[in-house]
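The next block holds one structure in the form of structure tokens; read it before the comments.
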Amino acid sequence: MKTVLCFGDSNTWGCAPDLPRRYNMQERWTMRLQQKLGSEYRIIEEGQNSRTTVLDDPYEPGKKGLDYLLPCLESHHPDLVIIMLGTNDLKSRFNVTASDISKGASRLVQVVQNFQHGFMSQPPKVLLVSPTLVYESDPSKEGFEGAEEKSKQLSHFYAKRASELGCFFLDAAQHVGPCESEGIHWRVETHEQFADLLQEKVKSALQ
């Protein structure tokens, strides 16, 4: 059995854009991916709301992905890690460039690639996913001023980092997008589309 660790933020956790709830196990892309791949694969859900790549949030402690990734690897010993982070790094309070966000994502890739454990013959493989765009469509949503334009630059820099590190790459924004009225989180049909997209990516990566 192949183990796939899905390391992401609220769109991996399953936050709904239009209702104050989490999508259920039949709705989230992670569990839809599990259904599509079948019993030869084990999907580990590791999404956290507001998770960043390497940034400490001054208002929401415990959100830095870098701090949790290594313990997570040691817990699960995955064969493949899907990293989809960077949306929360776009928050205006961090004031970082798209290039710097991609470097935070590359730091996570390096943690996975350097992970060694006696029970594993090799480090996990990595699929780095450049996240979907952010739309500044909800005037009541604070904290993402300027994020829309910056989010359009992420795929370019994420692709460069993936090439430099020799990992698999996917530009999610080329295929799916957030709820147009809310601007960040995915509708349930988007979770289905993303699971379809990842199914072949996972199989190809673990051949």
**Q.** Among the residues listed as Ala205, Ala147, the single one being in contact with a strand residue (DSSP E or B) (Cβ under 6 Å, 6 or more places away or on another chain) and small (Gly, Ala, Ser)
**A.** Ala205
Q. So is Val96 hydrophobic (A, V, I, L, M, F, W, C) and out of contact with any strand residue (DSSP E or B) (no Cβ under 7 Å at 6 or more places or on another chain) or not?
A. yes
**Q.** Of all residues in the range 122-136 being of a type in the set (A, V, I, L, M) and either outside any loop (DSSP other than H, G, I, E, B) or under 20 Å from Ile43 (Cβ atoms) (or both), the one that is farthest from the chain's Cα centre (by Cα)
**A.** Val126
Q.
Where the second residue is part of a helix (DSSP H, G or I) and the first is within 9 Å of Pro17 (Cβ to Cβ) and lies in the range 172-191, which pairs have Cβ atoms under 7 Å and are six or more apart or on separate chains?
A. His185/Ser10; His185/Asn11; Trp186/Asn11
Q: State whether the residues of the range 119-128 include one that is free of Cβ contacts under 8 Å to residues at least 60 places away in the same chain and in contact with a Leu (Cβ under 8 Å, 6 or more places away or on another chain).
A: yes
**Q.** Matching residues, the range 55-103, being of a type in the set (A, V, I, L, M, F, W, C) and assigned to a loop (DSSP other than H, G, I, E, B)
**A.** Leu55, Leu85, Phe94, Val96
Q.
Name the single residue that is farthest from Lys63 (Cα to Cα) among those in the range 11-51 being assigned to a strand (DSSP E or B) and of a type in the set (Lys, Arg).
A. Arg42
Q: Please state which of the following conditions Phe119 fails to meet, knowing it meets all the rest: (1) part of a loop (DSSP other than H, G, I, E, B); (2) at pLDDT 95 or above.
A: (2)
Q | Unique match (being among the basic types (Lys, Arg), within 23 Å of Val112 (Cβ to Cβ) and surrounded by 15 or more Cβ atoms within 10 Å (Cβ to Cβ)) among Lys141, Lys201 | A | Lys201
Q: Scan Arg32, Arg42 and give me the residue that is closer than 27 Å to Lys203 by Cβ, at pLDDT 95 or above, of a type outside the set (Gly, Ala, Ser) and surrounded by fewer than 18 Cβ atoms within 10 Å (Cβ to Cβ).
A: Arg42
Q) Looking at (1) closer than 20 Å to Thr52 by Cβ; (2) acidic (Asp, Glu); (3) part of a helix (DSSP H, G or I), which is the one condition that is false for Glu142? A) (3)
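The values are calculated or read from the model by the stated rules, or taken from the named source; none is laboratory data. Since the model is a prediction, treat every value here as computed from it, not as a measurement. Reconstructed Cβ throughout: ideal geometry from the backbone, glycine too, with neighbour counts over all protein chains shown.
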